[in-house]
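Beneath this line is the structure, given in structure tokens, with notes to follow.
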């Protein structure tokens, strides 16, 4: 700053050789050059369109979690299942270990399917989670479709593209668990409290050769993991970090959510982080815990392609970060920060930050007193330059 003042004075001293009007114009230009940086500093900052970050850690509510022990409504009476009418070439077997369906898809130029069904009477508000242990041969695909008995008629609660339809057989046992309330509302746009029946089918696309298939069900249950506060060390199947209403500009779009914190869990715990927005669930990458406690930093992409069905209780809030264990249990989760990454198509101007008294004094000196002194000094030099008796 001092060097700038000396340079300005040196340049002003050279103005005496210029005509009066030109000298004043030059002086004005130099004063503007000196003042513009100060004016620019005092202006509010402008952020161009693009990706921005918002820290929402202060919006979190007290943590809560799902108990590691579920309340179970068993549907393991295998004799309740019956094959679809008119189906031939299949065998339906019952045992203490479960249910088995086997048969042959004949050679056909059209897709083939076989199905089995049973009646249910399940209140999915009380037992929102459907759990099934199922094994389907690699030669077939399968699907699980639920119906609600409403006013004496069967109402489909499924959709062709939902998480339970057209699943490829793996030849290995699969744990299938999801939130029925979320699935039903996503499929129908309505809330149904009761499930009245279920159909499971196996299918194969057109083929010129006959194909053997098999389907086995070992468990079929509806679950409820009770929710409880998780502010103390415990044993939790899932932990919820609820967030109060998040305010984003209507033109902005959320791209991802980042969570940073610490997890205390049983040795070998494997979990999946989710960001929940209403009925949409956006998972992050699977995390494995070796030594506990462990510091974690996870990112959950928020796109229409990343939205998935949810396997556990939906959070109480519209927005939440949820950690769901695939194996093991949580003892405690500590939140360090939660930030949103979003895209804004418009520029934003931030208001000038408030200043404390000592900052006001410093600013007044540098931005008011010092420039004013320089201007007065420059003016006096110009006056002297016009006086005949002034020294060179």
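A short reminder: the numbers here are calculations on the coordinates, not readings from a lab. Since the model is a prediction, treat every value here as computed from it, not as a measurement. Here the Cβ is made from the backbone with ideal geometry for all residues, glycine too, and neighbour counts use every protein chain on show.
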Practice problem: Please grab the % of Cα pairs in the stretch 71-224 that end up more than 24 Å from each other. | Solution: 32 percent
Self-check item: Potential lengthening between residue 244 and residue 318 on full extension [0.36 nm per residue; Cα-Cα distance subtracted]
Solution: 25.8 nm
Practice problem: Subtracting the Cα-Cα distance from 0.36 nm times the residue separation, let me have the gained length for residue 294 to residue 174 in nm, one decimal. | Solution: 40.3 nm
Practice problem: Could you give the C-alpha radius of gyration of the stretch 273-338 expressed as a fraction of 2.2 N^0.38 Å, taking N as the number of residues it contains? | Solution: 1.13
Quiz prompt | Length added when fully stretched, residue 69-residue 255, from 0.36 nm per residue minus Cα-Cα | solution = 63.5 nm
Exercise. Fewest Cβ neighbours within 10 Å first, please rank 303, 269, 188 accordingly.
Key: 303, 188, 269
Quiz item: Under a plain spin-label model, where a point goes 7 Å from the Cα along Cα-to-Cβ, how far apart in nm are residue 212 and residue 335?
Solution: 5.5 nm
Quiz item: What is the fewest-to-most order of 237, 166 by other Cβ atoms lying within 10 Å of their Cβ?
Solution: 166, 237
Quiz item: In which sequence would 272, 335 go, from the one with the fewest C-beta neighbours within 10 Å to the one with the most?
Solution: 335, 272
Practice problem: Considering Cα pairs under 8 angstrom that are at least six residues apart, work out the relative contact order of the stretch 71-224 and quote it in whole percent. | Solution: 41 percent
Quiz item: If each of residue 327 and residue 160 carries a label point 7 Å out from its Cα toward its Cβ, how far apart are those two points in nm?
Solution: 3.8 nm
